[in-house]
Amino acid sequence: MNLSWVDAGIVVVYLVAVLLVGVYMERRAGKDIQSYFLGGGTLPWWMLGMSGSSTYFDITGTMWMVSVFYVLGIRGMWEQWFWAFPFAGFAMAYKGKWAYRSGVLTGMEWLVFRYGTGRQGQSARLTMVLINLLIMVFMLGYAGIGVGIFLEEFLPFGRNTMVVGLFAITGLYVLLGGFFSVVWSDFFQTILLSVAAVYISVTAFLQIDPATFRTDVGDQWFQLAPVWRLDPTPEKYPDPFGLLVLLWVTKGVITLFQAPGGGADFQRFRAAKNEADASKVGFAWGMVIAVRWALVMSFTAYGLAILSETGNAVDSEAVLPMVLNRVLPVGIKGMVIAGLIAAFMSTFDSTLNVAASFVTNDLVKPIWKSATQKQLMLVSYLS
């Protein structure tokens, strides 16, 4: 096990604390489905924004981003267009209030609001629910594989055992506390992640000599302007890089101007107290998520610096756990690992809660029209 008992203790304390949050929030979440899936409109905008940014800060995505910049340099920023990274600005400008004004519970119900209650609207709703539930299953698998690869570097248990354990803990506190436990746990997770990001960024700034680093990686690593072909061509990017840039940017722009989201995004905006707060959610989202970029670039810089020292190439996907093992002292390592586990859990808990809202509100409720709030809550728990 590459983890001291102090670090392991920090991780265990964090996991227990998350479960206690779910137990504490159970009574508030169990009133009705509005409370269970939207917090009853009582949560402050800054907390919703922190929760939203936390859902975008997953461990698998962070490992992937580090590997992209490790291979491509600053040009790796073009690949982030695939995820429409300026999203928060558009949410603050108009998409947040657009979602709030609809008055519906889920992004799938928004399709009925947009296209009417007739066959067209209901068909669009059902189709998107089924597609989104399928995508969520794949995304959970993607997230599980990433966190399994990460944790097996530090813990003596099998990858599958650790993933199932995390799934169980996260599922339990989401089941108990609904959207309240999701937002409150995301709030503490965001603080933990931000502290870890600031610590690693400051440490990298102090320990890595910029002149030496630039000499080691070369001037090409710092170039942002897109080119049709990379020189030298990385093994993982044999296709024309310029074509990939066009595809990434096109997808990102389309995403920015489409409807106001269908999953965790829409849920945060609808949970706001009013239209103004819905826009502020986008503002807080963009401000808080900025620390992720500092963390990603710090891990990348450390990985490249270690490569120049040892002369041994490192698997791009193994850069993040390798840096954690080599750079961080006891205590700090436990806090950072707990923060990265939190990154996984914040994405997973939102996916679970949103998926349950789709099943309850968009599959069961339209068919079971006479269902009471108590019966719908039971469906939510089962989902």
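Yes/no matrix, rows are residues, columns are (1) modelled with pLDDT of 80 or more; (2) under 24 Å from Trp110 (Cβ atoms):
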{"residue": "Ile131", "(1), (2)": "yes, yes"}
{"residue": "Leu140", "(1), (2)": "no, yes"}
{"residue": "Leu172", "(1), (2)": "no, no"}
{"residue": "Val183", "(1), (2)": "yes, yes"}
{"residue": "Leu193", "(1), (2)": "yes, no"}
Can you spot a residue in the stretch 216-237 that is free of Cβ contacts under 8 Å to residues at least 12 places away in the same chain and at positive phi? yes
If Gly144 passes every condition in (1) free of Cβ contacts under 8 Å to residues at least 60 places away in the same chain; (2) more than 16 Å from Ile337 (Cα to Cα) but one, which one does it miss? (2)
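Let's see how each residue does on (1) more than 11 Å from Tyr70 (Cα to Cα); (2) modelled with pLDDT of 80 or more:
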| position | (1), (2) |
| --- | --- |
| Met287 | yes, yes |
| Tyr302 | no, yes |
| Val314 | no, no |
| Asn325 | yes, no |
Go through the stretch 328-379 and report how many residues are in a helix (DSSP H, G or I), more than 21 Å from the chain's Cα centre (by Cα) and surrounded by fewer than 20 Cβ atoms within 10 Å (Cβ to Cβ). 13
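When you scan the stretch 143-157, do you find a residue that is within 30 Å of Thr42 (Cβ to Cβ), buried (at least 19 other Cβ atoms within 10 Å of the Cβ) and modelled with pLDDT under 80, even just one? Walk me through it before giving the result.
Kept after step one, since they are within 30 Å of Thr42 (Cβ to Cβ), are these residues of the stretch 143-157: 143.
If we keep only those that are buried (at least 19 other Cβ atoms within 10 Å of the Cβ) too, we end up with 143.
Pick out the ones that are also modelled with pLDDT under 80 and you get 143.
Yes: one or more hits.
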Restricting the stretch 258-304 to residues that are in contact (Cβ under 8 Å) with a residue 40 or more places away in the chain, outside any helix (DSSP H, G or I) and not basic (Lys, Arg), which is farthest from Ser357 (Cα to Cα)? Asn274
Testing Ala342 on (1) farther than 17 Å from Ile169 by Cα; (2) in contact (Cβ under 8 Å) with a residue 12 or more places away in the chain, one condition comes back false. Which one is that? (1)
Meets criteria (modelled with pLDDT under 85, assigned to a helix (DSSP H, G or I) and surrounded by fewer than 24 Cβ atoms within 10 Å (Cβ to Cβ)) for Trp64: yes
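For Gln207, state whether it is farther than 16 Å from Trp78 by Cα and at pLDDT below 85. I'd like the intermediate steps shown before the answer.
On the way: farther than 16 Å from Trp78 by Cα: yes; at pLDDT below 85: no.
So Gln207 does not fit the description; no.
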Kindly check whether there is at least one residue in the stretch 117-136 that is outside any helix (DSSP H, G or I) and surrounded by fewer than 18 Cβ atoms within 10 Å (Cβ to Cβ). yes
Among (1) of a type in the set (A, V, I, L, M, F, W, C); (2) touching a Leu at 6+ places or on another chain (Cβ under 9 Å); (3) more than 30 Å from Asp219 (Cβ to Cβ), there is one condition Leu72 misses while meeting the rest; what is its number? (3)
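Kindly evaluate Arg119 against the criterion of being free of Cβ contacts under 8 Å to residues at least 12 places away in the same chain, on the phi < 0 side of the Ramachandran plot, out of contact with any Cys (no Cβ under 9 Å at 6 or more places or on another chain) and not aromatic (Phe, Trp, Tyr). Reasoning before the result, please.
Details: free of Cβ contacts under 8 Å to residues at least 12 places away in the same chain: yes; on the phi < 0 side of the Ramachandran plot: yes; out of contact with any Cys (no Cβ under 9 Å at 6 or more places or on another chain): yes; not aromatic (Phe, Trp, Tyr): yes.
For Arg119, the condition - free of Cβ contacts under 8 Å to residues at least 12 places away in the same chain, on the phi < 0 side of the Ramachandran plot, out of contact with any Cys (no Cβ under 9 Å at 6 or more places or on another chain) and not aromatic (Phe, Trp, Tyr) - is met.
Of the residues Val18, Val23, Val12, which is assigned to a helix (DSSP H, G or I), out of contact with any Pro (no Cβ under 7 Å at 6 or more places or on another chain) and either surrounded by 19 or more Cβ atoms within 10 Å (Cβ to Cβ) or among the charged types (D, E, K, R) (or both)?
Values: Val23 fails: either surrounded by 19 or more Cβ atoms within 10 Å (Cβ to Cβ) or among the charged types (D, E, K, R) (or both); Val12 fails: either surrounded by 19 or more Cβ atoms within 10 Å (Cβ to Cβ) or among the charged types (D, E, K, R) (or both).
So the residue among Val18, Val23, Val12 that is assigned to a helix (DSSP H, G or I), out of contact with any Pro (no Cβ under 7 Å at 6 or more places or on another chain) and either surrounded by 19 or more Cβ atoms within 10 Å (Cβ to Cβ) or among the charged types (D, E, K, R) (or both) is Val18.
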When you scan the stretch 99-106, do you find a residue that is within 18 Å of Gln258 (Cβ to Cβ), assigned to a loop (DSSP other than H, G, I, E, B), touching a residue at least 60 places away in the same chain (Cβ under 8 Å) and not basic (Lys, Arg), even just one? yes
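The values are calculated or read from the model by the stated rules, or taken from the named source; none is laboratory data. Since we're looking at a predicted model, the values are computed, not measured. Counting neighbours? That spans all protein chains shown, and the Cβs are built from the backbone with ideal geometry, glycine included.
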